[in-house]
């Protein structure tokens with residue numbers, strides 16, 4: 001695993017990472033300098049199965065490029081400004097773990113995530129748009145899915 005934690009990624013830094021063809025896991029957690037990055041460049045890493053972007057400045061549109069990482073199994077997007085706008089893009093990935101804690105996803109997004117049959121673990125702590133009703137619906141649709149949910153989920157119908 002290659003870790004870039006809480007640092008500024010210089011221009012061209014992602015290009016250097018993409019030269020490590022055997023790389024299986026990379027984490028850019030809490031980094032600046034990731035705005036307007038073309039995440040599809042990571043396609044050149046055929047063995048990449050883990051991508052960590054916790055607290056990174058990524059946008060919903062970045063998910064359209066991340067979906068091109070066809071072998072991605074674990075994706076960590078906690079505390080990013082994501083709203084879940086392109087959540088359906090995850091359906092094309094063989095994701096087994098997905099961390100969306102602290103994002104702006106809501107119950108509708110949970111319904112889309114339920115369709116990812118390979119998903120085994122989902123983290124949705126501190127997602128204020130997710131209600132207890134949404135979690136219960138997801139559990140009913142996917143009883144096999146391990147869900148780490150809000151400790152203080154809002155009652156159904158009270159999410160913003």
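The values are calculated or read from the model by the stated rules, or taken from the named source; none is laboratory data. It should be emphasised that the depicted structure is a prediction, and the values quoted were computed from it without experimental measurement. Cβ atoms come from the backbone with ideal geometry, glycine included; neighbour counts cover every protein chain shown.
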Practice problem: Only residues that are part of a loop (DSSP other than H, G, I, E, B), more than 13 Å from residue 69 (Cβ to Cβ) and touching a strand residue (DSSP E or B) at 6+ places or on another chain (Cβ under 9 Å): list them for the range 13-33, please. | Solution: 20, 28, 29, 31, 33
Self-check item: Flag if residue 10 is in contact with a strand residue (DSSP E or B) (Cβ under 8 Å, 6 or more places away or on another chain) and either at pLDDT below 90 or over 21 Å from residue 119 (Cβ atoms) (or both)
Solution: no
Self-check item: First in the range 6-22 and on the phi > 0 side of the Ramachandran plot and touching a residue at least 60 places away in the same chain (Cβ under 8 Å), second anywhere and part of a loop (DSSP other than H, G, I, E, B) and surrounded by 10 or more Cβ atoms within 10 Å (Cβ to Cβ), Cβ under 9 Å, 6 or more apart
Solution: none
Quiz item: Mind checking which residues of the range 1-20 are closer than 19 Å to residue 46 by Cβ and surrounded by 10 or more Cβ atoms within 10 Å (Cβ to Cβ)?
Solution: 2, 14, 15, 16, 17, 18, 20
Quiz item: From 48, 23, which residue is closer than 19 Å to residue 118 by Cα and in contact with a helix residue (DSSP H, G or I) (Cβ under 8 Å, 6 or more places away or on another chain)?
Solution: 48
Quiz item: What is the number of the single condition among (1) within 12 Å of the chain's Cα centre (by Cα); (2) buried (at least 18 other Cβ atoms within 10 Å of the Cβ); (3) part of a loop (DSSP other than H, G, I, E, B) that residue 60 does not meet?
Solution: (2)
Practice problem: Select from the range 77-109 the residues that are outside any loop (DSSP other than H, G, I, E, B), crowded, with 20+ Cβ neighbours inside 10 Å and under 11 Å from the mean Cα position of the chain (by Cα) and write down the one among them that is modelled with the lowest pLDDT. | Solution: 87
Quiz prompt | Count - residues of the range 1-12 that are more than 17 Å from residue 73 (Cα to Cα) and either in contact with a helix residue (DSSP H, G or I) (Cβ under 9 Å, 6 or more places away or on another chain) or outside any strand (DSSP E or B) (or both) | solution = 8
Quiz item: Considering only residues of the range 137-160 that are part of a loop (DSSP other than H, G, I, E, B), within 18 Å of residue 123 (Cβ to Cβ) and touching a helix residue (DSSP H, G or I) at 6+ places or on another chain (Cβ under 6 Å), which is modelled with the lowest pLDDT?
Solution: 153
